[in-house]
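The values are calculated or read from the model by the stated rules, or taken from the named source; none is laboratory data. If you're wondering where the values come from, they're calculated on a predicted model, not measured in any experiment. With ideal geometry, Cβ positions are generated from the backbone for all residues, glycine too; neighbour counts draw on all protein chains shown.
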Amino acid sequence: MAHSISEAAEEILDKEYPVLDHGFVRLVDYCGNDDRIVQAARISYGAGTKSYRQDKGLINYLMRNDHSSPFEMVSFTFHVKMPIFVARQWVRHRTAKMNEISGRYSVMTDEVYRPDRAHINKQSENNRQGREDTMVNDEMAKDVMAKFDADHELIFNNYHEMLDNGIARELSRIDLPLSMYTEMYWSMDLRNLFHFLKLRCDGHAQYEIQEYANTILDIVEKVCPIATDAFKNHSMNAVSFSEKETEALKEMLSGKECPLKGRQKEIFEEKLK
């Protein structure tokens with residue numbers, strides 16, 4: 001199998017892509033690209049045995065029919081800096097390899113995530129884990145920001161005072177906030193990375209992790225443009241239907257009314273938008 005190099009990837013290696021107020025994503029290393037996926041699928045001995053059109057057709061066929069193992073032949077390593085509350089969602093994707101900075105060995109920085117005014121919202125009434133789209137009024141926003149700032153100042157003053165008094169780093173750190181930034185090296189193969197991106201680029205994901213996921217998607221697209229296009233078409237922006245929804249579609253196409261009722265009908269209609 002020939003060694004695969006992406007010129008677009010080589011140009012962005014170690015480039016820092018800013019995310020949120022103090023975070024970033026950097027592509028540290030990669031192994032393989034679209035050619036590697038094609039080579040793995042064909043068990044060939046080199047690139048160039050087929051045309052670009054045929055390679056694109058093959059990759060789309062693999063994605064469309066969920067033949068996922070060739071995508072595992074491509075892998076990425078990122079250096080990411082993110083708030084801890086984002087990192088705790090991130091590490092739910094257990095198919096990755098990661099190494100995170102440790103507050104037992106290092107003195108943590110005072111950098112914290114402070115949400116923009118536009119992203120201070122009330123709890124959604126329809127989504128138990130999300131927020132409303134509309135902003136709160138200026139008075140409430142100022143109050144929330146002031147509370148964030150006051151808490152951060154108190155917590156970090158106490159943290160550094162304990163360190164100055166010789167208290168162990170592993171103890172001094174335990175009250176540090178979830179808004180504090182952490183850093184990690186994070187590696188994942190393309191198959192599982194696409195799964196991560198499908199979930200975390202989705203509009204239902206928390207805004208902050210969406211920002212990281214969209215940045216990573218842009219980077220992945222530079223390395224594997226054909227595979228990423230296939231992913232967007234057949235997975236990320238595609239819609240699947242249950243057995244009952246498929247039957248409802250057939251009836252509607254034959255001119256009948258939608259047979260679904262209640263919440264099931266609402267979900268079905270949302271998919272059709």
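Could we say that S172 is surrounded by 12 or more Cβ atoms within 10 Å (Cβ to Cβ), among the polar types (S, T, N, Q), outside the structural domain of D35 (by TED's automatic domain parsing) and in contact with a helix residue (DSSP H, G or I) (Cβ under 7 Å, 6 or more places away or on another chain) here?
yes
Output the residues belonging to region 239-273 that are within 27 Å of the chain's Cα centre (by Cα) and polar (S, T, N, Q).
S240, S242
Name the single residue, out of those in region 202-217 being touching a residue at least 40 places away in the same chain (Cβ under 8 Å) and closer than 22 Å to T77 by Cα, that is surrounded by the most Cβ atoms within 10 Å (Cβ to Cβ).
The residue in question is Y212.
Name the residue, out of Y113, Y61, that is modelled with pLDDT of 90 or more, more than 20 Å from the chain's Cα centre (by Cα) and of a type in the set (S, T, Y).
Y61
Just for region 73-98: of the residues that are of a type in the set (D, E, K, R) and surrounded by fewer than 16 Cβ atoms within 10 Å (Cβ to Cβ), which one is farthest from the chain's Cα centre (by Cα)?
Going through the qualifying residues, I end up with K97.
Part of a loop (DSSP other than H, G, I, E, B) and either out of contact with any strand residue (DSSP E or B) (no Cβ under 7 Å at 6 or more places or on another chain) or exposed (fewer than 14 other Cβ atoms within 10 Å of the Cβ) (or both), is that true of T134?
No; evaluated as a whole, the condition is false for this residue.
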